[in-house]
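Taking it in order: structure first as structure tokens, then the write-up.
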Amino acid sequence: MKAQAIYNVPRSILGEGPVWDDRLNALYWVDIIGGKVHGLKDNRVDTVFQINDFVTCVALTSNPNYLLVTLKDRVVLVDVNARSIVKTLAKVDEPSTNRLNDCKVDAAGRLWFGSMDMNEREPSGSLYVLDPSGTVRKVLSGVTISNGIVWSLDNKFMYYIDSPTRKIMVFRFDLDKGELMNKAMDIDLSRHEGIPDGMTIDSEGYLWVAMYGGGRVLRIDPGKRVVIDEVDVPVSYTTSCTFGGGDGLMSLYITTARNYPREVEREGDDGKVFIANTEIRGYTANKYLVNL
Ligand code: BGC
Ligand code: CA
């Protein structure tokens with residue numbers, strides 16, 4: 001399978017965190033370094049939020065006019081129409097050399113978000129959960145680059161990536177309590193090019209993992225721990241992916257980074273969002289529960 005660049009989207013420095021809003025038929029993603037949230041709807045691109053900070057992840061809420069956005073060290077609620085912050089929902093205490101990174105909402109409407117060492121060396125990062133009530137809990141520490149988060153279709157497992165380990169951790173998951181139980185196993189991806197970054201799941205329960213530096217997305221059977229398919233992307237820094245498309249979530253949208261971190265200026269499609277027609281249905285993104 002091959003992915004193609006969406007021609008009219010801007011090139012992000014570090015494009016990340018794609019999420020499809022099935023209520024609006026819109027795609028959102030962030031440019032972490034550029035400090036932006038972009039939206040794509042009816043072939044039109046719009047920068048729905050911009051700030052002089054890292055914009056590390058975007059998530060849907062129960063109200064389609066509001067998004068959750070994670071910055072360097074806080075989670076804010078953004079009014080999409082006003083393009084501004086309504087309030088800060090949480091702030092975490094992290095070393096100044098860290099920033100937040102990937103996030104995802106679980107089936108009970110909680111936001112899971114993690115942090116990373118910006119030098120990508122020290123295990124100084126953590127994984128947090130923000131409940132709809134506004135309480136934040138730290139659930140894991142000792143993480144170097146907190147990345148992809150997703151749950152099995154029955155919510156009995158949470159899949160989680162700390163990128164430098166080149167593994168997907170598989171935890172038993174308690175959805176009612178929002179807790180990780182014991183680690184069931186690891187899925188080792190060290191034989192594949194690149195390091196695992198963001199991921200999603202399809203309606204058949206298979207994982208789709210963007211390989212940063214590998215220019216591809218792997219489709220993985222988490223039970224058998226084998227790669228069963230892959231999407232070729234014509235640029236190296238594939239960062240994350242999500243299913244979307246008004247046709248019933250049958251397209252895989254893939255974010256990429258612009259030669260980052262090599263800082264080599266080159267004209268091309270790196271940094272754009274790519275699309276692959278998978279003919280496989282994805283799952284509908286969960287929404288963080290907000291009372292407005
Ligand atoms: C981070 C990048 C990092 C990459 C590879 C991304 O999620 O935002 O800073 O280089 O993962 O681990
Ligand atoms: Ca990522």
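The values are calculated or read from the model by the stated rules, or taken from the named source; none is laboratory data. Remember, predicted model here, so these are calculated numbers, not experimental data. No Cβ is skipped: glycine too gets one built from the backbone with ideal geometry, and neighbour counts run over all protein chains shown. Keep in mind that these areas ignore ligands, DNA and RNA; they rest on the heavy atoms of the full protein, side chains included. Shrake-Rupley method; radii C 1.70, N 1.55, O 1.52, S 1.80 Å.
Summary table
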quantity: Criterion: within 28 Å of residue 39 (Cβ to Cβ), open to solvent by 50 Å² or more (accessible area, probe 1.4 Å) and touching a Gly at 6+ places or on another chain (Cβ under 8 Å) - qualifying residue of 251, 203; calculated: 203
quantity: Residue check for residue 31: crowded, with 20+ Cβ neighbours inside 10 Å, charged (D, E, K, R) and closer than 21 Å to residue 147 by Cα; calculated: yes
quantity: Close pairs from segment 196-211: first within 12 Å of residue 166 (Cα to Cα) and without any contact (Cβ under 8 Å) to a residue 40 or more places away in the chain, partner open to solvent by less than 10 Å² (accessible area, probe 1.4 Å) and more than 12 Å from ligand 2 (Cβ to nearest atom), Cβ under 6 Å, at least 6 apart; calculated: none
quantity: Only listed residue being among the β-branched types (Val, Ile, Thr), open to solvent by 10 Å² or more (accessible area, probe 1.4 Å) and touching a Leu at 6+ places or on another chain (Cβ under 9 Å), chosen from 69, 80; calculated: 80
quantity: Leading residue by the ranking (farthest from residue 232 (Cα to Cα)) among those in segment 155-207 that are away from ligand 1 (no atom under 16 Å from the Cβ) and hydroxyl-bearing (Ser, Thr, Tyr); calculated: 203
quantity: Residues within segment 105-120 that are under 17 Å from residue 242 (Cβ atoms) and in contact (Cβ under 8 Å) with a residue 60 or more places away in the chain, tallied; calculated: 4
quantity: Within segment 177-200, tally of residues that are open to solvent by less than 10 Å² (accessible area, probe 1.4 Å), hydrophobic (A, V, I, L, M, F, W, C) and within 16 Å of ligand 2 (Cβ to nearest atom); calculated: 2
quantity: So residue 181, is it part of a strand (DSSP E or B), more than 16 Å from the chain's Cα centre (by Cα) and without any contact (Cβ under 8 Å) to a residue 12 or more places away in the chain; calculated: yes
quantity: Which listed residue is among the acidic types (Asp, Glu), open to solvent by 40 Å² or more (accessible area, probe 1.4 Å) and within 16 Å of ligand 1 (Cβ to nearest atom), from 53, 102; calculated: 53
quantity: Those residues of segment 87-104 which are under 29 Å from residue 64 (Cβ atoms) and in contact (Cβ under 8 Å) with a residue 24 or more places away in the chain, in sequence order; calculated: 89, 90, 92, 99, 100, 101, 102, 103, 104
quantity: Those strands (runs of 3 or more DSSP E) lying entirely in segment 5-120 with at least 2 residues within 27 Å of residue 133 (Cα to Cα), at pLDDT 95 or above and within 13 Å of the chain's Cα centre (by Cα); calculated: 15-21, 26-31, 57-60, 66-70, 98-105, 111-117
quantity: Selection count, segment 134-165, where residues are of a type in the set (Val, Ile, Thr) and assigned to a helix (DSSP H, G or I); calculated: 1
quantity: Lone unmet requirement of (1) within 14 Å of ligand 2 (Cβ to nearest atom); (2) open to solvent by less than 10 Å² (accessible area, probe 1.4 Å) for residue 144; calculated: (2)
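The rows are residues; the columns are (1) at pLDDT 95 or above; (2) open to solvent by less than 20 Å² (accessible area, probe 1.4 Å); (3) away from ligand 2 (no atom under 16 Å from the Cβ); (4) closer than 30 Å to residue 90 by Cβ.
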position	(1), (2), (3), (4)
214	yes, yes, no, no
226	yes, no, yes, no
256	yes, yes, no, yes
265	no, no, yes, no
288	yes, yes, yes, yes
